[in-house]
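Inspection log for the structure reproduced underneath, given as structure tokens.
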């Protein structure tokens with residue numbers, strides 16, 4: 001009987017690790033999906049979608065290094081003079097720190113026309129911090145930096 005108990009106790013951590021790994025994989029997929037939906041929403045200036053992803057107590061930094069609250073981000077979308085034709089994420093990497101906390105890092109490339117009709121391509125690197133609250137994942141913090149143009 002003790003051998004059975006010892007064997008079962010030895011398997012318990014393995015079962016928990018597999019469960020956690022499955023949970024982590026699901027979280028990673030969900031957050032990547034949300035990040036992709038976020039950049040797609042920028043093309044259509046869809047404030048409602050972005051507002052749904054951002055926590056009310058969000059704190060971040062714009063590519064210009066300015067503090068950005070949720071209202072600031074939503075106003076930027078509303079008043080954006082540029083027209084995006086594409087916006088896509090690449091190289092996303094998700095780190096899950098617990099059942100309700102994760103970061104996502106990646107790059108985003110936006111293409112479009114400025115207010116004068118001149119074509120542009122902008123690339124950014126970023127890190128978003130996500131927290132699950134009351135069953136809903138929300139971005140609670142972000143830092144964004146525009147990459148220099150390639151020569």
Practice task
Would you be able to say whether some residue in region 70-89 is within 25 Å of residue 21 (Cβ to Cβ) and either in contact (Cβ under 8 Å) with a residue 24 or more places away in the chain or out of contact with any strand residue (DSSP E or B) (no Cβ under 8 Å at 6 or more places or on another chain) (or both)?
Solution key: yes
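Please state which one of 78, 40, 66, 70 is farther than 17 Å from residue 141 by Cα and more than 14 Å from the chain's Cα centre (by Cα).
Values: 40 fails: more than 14 Å from the chain's Cα centre (by Cα); 66 fails: farther than 17 Å from residue 141 by Cα; 70 fails: farther than 17 Å from residue 141 by Cα.
Going through 78, 40, 66, 70 in turn, the sole match is 78.
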Expected single match for surrounded by 13 or more Cβ atoms within 10 Å (Cβ to Cβ) and part of a strand (DSSP E or B) among 55, 51 is 55
If you go through 65, 112, 117, the only one that is within 20 Å of residue 149 (Cα to Cα), free of Cβ contacts under 8 Å to residues at least 40 places away in the same chain and in a strand (DSSP E or B) is 112
Subset of region 90-106, residues free of Cβ contacts under 8 Å to residues at least 60 places away in the same chain and touching a strand residue (DSSP E or B) at 6+ places or on another chain (Cβ under 6 Å), comes to 90, 91, 93, 95, 100, 101, 103, 105
Subset of region 93-151, residues within 19 Å of residue 50 (Cα to Cα), surrounded by fewer than 13 Cβ atoms within 10 Å (Cβ to Cβ) and under 15 Å from the mean Cα position of the chain (by Cα), comes to 136
Quick check, is residue 31 modelled with pLDDT under 95, out of contact with any helix residue (DSSP H, G or I) (no Cβ under 9 Å at 6 or more places or on another chain) and either in a helix (DSSP H, G or I) or surrounded by 14 or more Cβ atoms within 10 Å (Cβ to Cβ) (or both)? no
Selection from region 120-138 of residues part of a strand (DSSP E or B) and more than 17 Å from residue 63 (Cα to Cα) yields 130, 131, 132, 133, 136, 137, 138
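The values are calculated or read from the model by the stated rules, or taken from the named source; none is laboratory data. Source: prediction; values computed, not measured. Quick reminder, even Gly has a Cβ in these numbers, built from the backbone with ideal geometry, and neighbours come from all protein chains shown.
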